[in-house]
Amino acid sequence: MLLNREETLSATDIVLTCNNVDGDPQQHIAGQNLRVSDIVYVFNLRGNPLMPCRQQKSRKLLREGKAKVVKRFPFTIQLIIPTGETKQKVVLGIDTGYGNIGFSAVSEKSELICGTLKLDGKTKDRLDERRMYRRGRRSRHHWYRKPRFLNRVSTKKKGWLPPSIERGYQTHLTLIEKIKKILPITKVIVEVAKFDIQKLENPEIVGTDYQQGSMYEYQNVRSYLMSREKGVCEHCKKDFKNNPSHIHHRKPKSKGGSNRLENLMLVHEKCHIELHKKPELLKKYQVASTKNYKHSTFMSIINKKFYEDVENLEVTFGNITFVNRNNLGLEKTHYNDAFIIAKGSNQERINPIEIIQKHRNNRVLQLNRRGFKPSIKKQRYNIQPKDIFWVGNKKYISNGIKNSGRYITFQTSEKKNYLKVEDVTKIFHFGSFCFQNLNMEGNANSSLT
């Protein structure tokens with residue numbers, strides 16, 4: 001088996017890609033129990049989306065040779081004969097979010113697709129890990145770099161976003177484009193919001209208080225904390241006198257803690273060492289730790305970006321969604337919010353799809369054994385985590401490759417959880433979006449969670 005991934009949509013000998021005709025329309029609805037007739041998405045002869053059809057009709061088209069399968073998840077067929085192209089108005093609603101994105105596409109009579117996309121949110125962790133390895137490598141090999149002042153400012157283009165926010169925003173755009181490829185979307189409605197973080201922390205803040213924050217008239221963070229704690233250690237309650245003071249995080253940064261003043265405490269050096277040796281002592285101090293405003297900050301930053309990148313855009317706001325959802329008596333979920341955002345009301349509903357985001361390309365550095373210059377590992381195994389593969393007639397979900405590509409691990413409740421790669425007969429590759437809760441033949445407990 002080749003180690004390079006199949007990049008095209010053409011069928012090959014053992015790789016089951018998205019356009020294989022042996023796909024089954026039933027796979028799209030496995031385990032979902034749709035509230036309306038089973039939906040299959042349809043492309044015309046040129047590959048443009050048409051209105052979806054029922055499962056029975058798609059089976060007939062495939063049986064008569066008038067269509068072929070082009071996608072397995074969500075199940076999509078393409079007509080290979082010319083046909084009429086009557087389309088209805090389809091509105092796509094997007095419930096934006098930092099960790100989850102809700103989506104729902106609605107026509108006049110029914111909901112055509114809905115679900116929740118869960119973002120992985122690990123961009124910052126990956127950057128921190130890369131930074132750690134880079135600093136360690138430079139310190140070991142004593143690399144010399146000419147000092148540069150504000151070296152990143154000149155490289156930032158107009159509209160630049162921090163990497164973690166950029167990836168989250170681009171995921172919103174990717175989701176919209178993917179749905180547009182399977183449905184004839186006429187309008188996109190996005191829920192936007194802008195939060196006042198200072199107002200969230202202090203509802204009574206007005207006027208110049210916005211400029212004069214908590215540290216106004218204090219020299220630095222240490223002097224502010226010394227004044228706040230009235231010159232005593234927050235741990236042992238003794239004054240500092242001639243003892244040095246240390247700043248400690250109530251909630252460690254490794255567990256999501258921030259550098260906000262509410263999350264910092266001033267302690268003796270001896271107390272600082274004790275708190276690190278006995279983390280259980282920190283439990284009583286974490287009550288006062290600051291709230292997390294990552295979601296609010298993310299929403300405020302991307303507030304106006306959608307106007308630049310989405311065609312036929314309309315925006316709405318959370319308070320409108322809240323009122324309309326309560327009027328219809330729907331529970332608070334991301335896909336229900338998206339249904340309301342898409343101006344859904346009495347349309348027939350469809351069971352939601354659950355999707356998780358997968359990081360497809362890991363940047364792996366390999367050290368050259370004969371020198372210090374690292375090289376980037378570009379070789380990738382054909383079977384990646386979350387891919388579906390078949391051994392005989394049994395279907396499995398990959399966890400990854402081990403033993404230099406000889407064995408593949410998979411999700412199972414059994415003791416043995418690996419098989420030989422040479423025994424694999426077919427493979428289905430997911431992209432960056434992986435569908436969850438699939439009904440796996442021969443693996444009742446398996447899922448893409």
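Cβ-Cβ below 6 Å, separation at least six or inter-chain, first residue in the stretch 62-73 and within 28 Å of residue 430 (Cβ to Cβ), second among the polar types (S, T, N, Q) and in a strand (DSSP E or B): which pairs?
Going by the 6 Å Cβ cut-off, the qualifying pairs are 68/78; 70/76; 70/78.
Would you pick out the residues in the stretch 117-136 that are assigned to a helix (DSSP H, G or I), of a type outside the set (S, T, N, Q) and closer than 15 Å to residue 167 by Cβ? Show your work before the answer.
Looking only at the stretch 117-136, we keep the residues that are assigned to a helix (DSSP H, G or I), and these are 123-136.
Keeping just the survivors that are of a type outside the set (S, T, N, Q) gives 124-136.
Answer for the stretch 117-136, where residues must be assigned to a helix (DSSP H, G or I), of a type outside the set (S, T, N, Q) and closer than 15 Å to residue 167 by Cβ: 124, 125, 126, 127, 128, 130.
Among the candidates 93, 97, which residue alone is among the small types (Gly, Ala, Ser), within 24 Å of residue 354 (Cα to Cα), within 29 Å of the chain's Cα centre (by Cα) and part of a loop (DSSP other than H, G, I, E, B)? Before the answer, list the steps.
On the way: 93 fails: part of a loop (DSSP other than H, G, I, E, B).
Result of the check over 93, 97: 97.
Residues that are out of contact with any Pro (no Cβ under 7 Å at 6 or more places or on another chain) and in a loop (DSSP other than H, G, I, E, B): does the stretch 49-61 have at least one?
Looking for residues that are out of contact with any Pro (no Cβ under 7 Å at 6 or more places or on another chain) and in a loop (DSSP other than H, G, I, E, B), one finds none in the stretch 49-61, hence no.
Name the single residue, out of those in the stretch 109-125 being of a type in the set (D, E, K, R) and touching a residue at least 40 places away in the same chain (Cβ under 8 Å), that is surrounded by the fewest Cβ atoms within 10 Å (Cβ to Cβ).
Step one: of the stretch 109-125, the residues of a type in the set (D, E, K, R) are 109, 111, 118, 120, 122, 124-125.
Applying the additional criterion that residues be touching a residue at least 40 places away in the same chain (Cβ under 8 Å) yields 109, 111, 118, 120, 122, 124.
On the way: 109: 11, 111: 24, 118: 17, 120: 16, 122: 14, 124: 13.
Checking each candidate, the answer is 109.
For the stretch 331-346, give me each residue that is surrounded by 15 or more Cβ atoms within 10 Å (Cβ to Cβ) and under 24 Å from residue 186 (Cβ atoms). Don't jump to the end; show me each part of the working.
Kept after step one, since they are surrounded by 15 or more Cβ atoms within 10 Å (Cβ to Cβ), are these residues of the stretch 331-346: 333-344.
Hits for the stretch 331-346 are 334, 335, 336, 337, 338, 339, 340, 341, 342, 343, 344.
Within 28 Å of residue 114 (Cα to Cα), within 23 Å of the chain's Cα centre (by Cα), modelled with pLDDT under 85 and not aliphatic (A, V, I, L, M): is that true of residue 359 in this structure?
Details: within 28 Å of residue 114 (Cα to Cα): yes; within 23 Å of the chain's Cα centre (by Cα): yes; modelled with pLDDT under 85: yes; not aliphatic (A, V, I, L, M): yes.
Against the criterion (within 28 Å of residue 114 (Cα to Cα), within 23 Å of the chain's Cα centre (by Cα), modelled with pLDDT under 85 and not aliphatic (A, V, I, L, M)), residue 359 qualifies.
The values are calculated or read from the model by the stated rules, or taken from the named source; none is laboratory data. Here the structure is a predicted model, which means the values were calculated and not measured. Positions of Cβ are backbone-derived with ideal geometry, glycine not excepted, and every protein chain shown enters the neighbour counts.
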